[in-house]
Amino acid sequence: MRETAPVGDWATDFDILAPEYLDDPFRIWDELRGTCPVAHTERRGSTWLPTRYQDVVDLAHDIPHFSSADIVVVPFAGEVPDEPVLIFGLPPISADPPLHTWTRRLLLPWFSHTRVASYEAMTRDLCSSLVDSFIADGECDAAGQYAQQIPVRVIASILGVPEEMSDVFTGWVRDVLEFADDTERRTRGIRGLIEYFIEEVERRATEPGNDLLSELLQTEVDGEPIERRLVLGTAALVLIAGVDTTWSAIGSSLWHLATHPEDRHRLVNDPGAWSLGIEELLRAYSPVTMARVVTGDVEFQGCPMKAGDKVLMNFPAANRDPEVFENPDVVDLDRAQNRHVAFGSGIHRCAGSNLARMELRVALEEFLKRIPDFELVDPAQVTWAGGQVRGPRDLRVKF
Ligand code: HEM
């Protein structure tokens, strides 16, 4: 693990892994929007951090200059020559057109409204049985014992892998996304995932099932089977994209409801408040920051970006921009004007947003149904992960 120097000037030397950024990025974005809306750092390579809504949206739509070939927010420290994900890629998220176009098309049917509706009963049963497991204790870790347990099990069933693997998967995904400065841990996570899927793909080749992995293996594009490395990358992506992200959104929402009793009562008592309410929670606590790599020297908002520079797709900051959202730091469950970009913008917009929304709603509904009143055991004890995906990792609540 690398030690990093404290940040002196956020405009010229920001660090998204600094403790104060993990703790309260909102204040930092506000300050930057007023002084230097596209900040820069040389830490972990030359990287830019936009904080305004329109800038983030413009960047997301400018594919020729800002490629998805490198979407990790923090590059690997040092050399990792045989890093498997660099060989396989994670299409469609790490691909530009034309590869992006058809690999995305393969995934979309799995996350259509109809498919997602068919996963709802299973998700509800899962949430309810998780509540059963701690309700008598009068307290729980709403992140570790609840939020973390949900998306991984739903995705495991979509991919056709055994539920018992869920904790191992969660460990790998966290290794990849949360411990960005720890090369060893990150490599372990990626290796674990890819090696597991290599075995599963071999098995599916002879024993196909009714799942996403089997279907990808049987799909032909232009009369040819899809290359194995693409099947592996896509399977790994579904897991990486669908687990930490949704768990973080569920956890942040539970943190909000634990600390804002008026909003909690509103959701408990007013079923009509849910649809705008869920969008507002997604806006205010957007978990995901992705990255792009600059393809050739270009000036963006007066910033001289060079080929190879990274640009962080700061969707969470865009969603707190006062130019677009009135009182952006206030969670207003009735916010009707809410064109948030929690799921991104443009061609890479989240392919799993229907699933994410369903899981978030069902997880909150089932929790509130059984535990309508809860509060933090100790606000100082809550810990937040940040970097690529922001959400609470230790969230003890009592009821
Ligand atoms: C609250 C939960 C989630 C959030 C906030 C979220 C956010 C995002 C964002 C911001 C992007 C765009 C990335 C970019 O522009 O580079 C994205 C892409 C993607 N997400 Fe999600 N996501 C969530 C849940 C899920 C789930 C449950 C799945 C399904 C397993 C999923 C699958 C994907 C895929 C496949 C892409 C790549 C799409 C493409 O490149 O065309 N996500 N997500």
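Determine, yes or no, whether Gly78 is modelled with pLDDT under 95, surrounded by 18 or more Cβ atoms within 10 Å (Cβ to Cβ) and not aromatic (Phe, Trp, Tyr). No; evaluated as a whole, the condition is false for this residue. Just one of the listed residues (Trp29, Trp10) is part of a loop (DSSP other than H, G, I, E, B), modelled with pLDDT of 95 or more and over 18 Å from Glu299 (Cβ atoms), and it is Trp10. Would you mind stating whether Val161 is within 18 Å of the chain's Cα centre (by Cα), under 28 Å from Gly387 (Cβ atoms) and of a type in the set (A, V, I, L, M)? No; evaluated as a whole, the condition is false for this residue. Can you pull out every residue in the range 88-114 that is in contact (Cβ under 8 Å) with a residue 60 or more places away in the chain, over 15 Å from Val221 (Cβ atoms), assigned to a helix (DSSP H, G or I) and more than 10 Å from the ligand (Cβ to nearest atom)? Selection gives Phe88, His113.
Ile226 passes every criterion in (1) within 26 Å of the chain's Cα centre (by Cα); (2) within 16 Å of the ligand (Cβ to nearest atom) apart from (1). In the range 162-200, of all residues being in contact with a Leu (Cβ under 8 Å, 6 or more places away or on another chain) and over 20 Å from Pro91 (Cα atoms), the one that is modelled with the highest pLDDT corresponds to Asp181.
Of all residue pairs spaced 6 or more apart or on separate chains, those with beta-carbon atoms under 8 Å, a first member in the range 334-346 that is closer than 20 Å to His61 by Cα and a second member that is at pLDDT below 95 are Gly344/Met290.
Listed by first and then second residue, the pairs with beta-carbon distance under 6 Å, at least 6 apart or on different chains, first residue in the range 184-212 and among the small types (Gly, Ala, Ser), second surrounded by fewer than 19 Cβ atoms within 10 Å (Cβ to Cβ) and not in a helix (DSSP H, G or I), are Gly209/Gly160.
Can you find, within the range 101-158, the residue that is surrounded by the fewest Cβ atoms within 10 Å (Cβ to Cβ) among those that are among the aromatic types (Phe, Trp, Tyr) and farther than 30 Å from Ala69 by Cα? The selected residue is Phe134. More than 13 Å from the ligand (Cβ to nearest atom) and over 22 Å from Leu395 (Cα atoms), is that true of Gly160? Yes, satisfied.
On the given criteria, is Ala307 crowded, with 18+ Cβ neighbours inside 10 Å, more than 20 Å from Phe26 (Cα to Cα), in contact (Cβ under 8 Å) with a residue 12 or more places away in the chain and in contact with a Gly (Cβ under 8 Å, 6 or more places away or on another chain)?
Details: crowded, with 18+ Cβ neighbours inside 10 Å: no; more than 20 Å from Phe26 (Cα to Cα): yes; in contact (Cβ under 8 Å) with a residue 12 or more places away in the chain: yes; in contact with a Gly (Cβ under 8 Å, 6 or more places away or on another chain): yes.
So Ala307 does not fit the description; no.
Looking at the range 181-191, is at least one residue crowded, with 17+ Cβ neighbours inside 10 Å, within 16 Å of the ligand (Cβ to nearest atom) and more than 24 Å from Leu254 (Cβ to Cβ)? No - not one qualifying residue is present in the range 181-191.
The values are calculated or read from the model by the stated rules, or taken from the named source; none is laboratory data. All values reported here derive from a predicted model rather than from experimental measurement. When we count neighbours, we look across all protein chains shown, and the Cβ atoms used for this are built from the backbone with ideal geometry, even at glycine.
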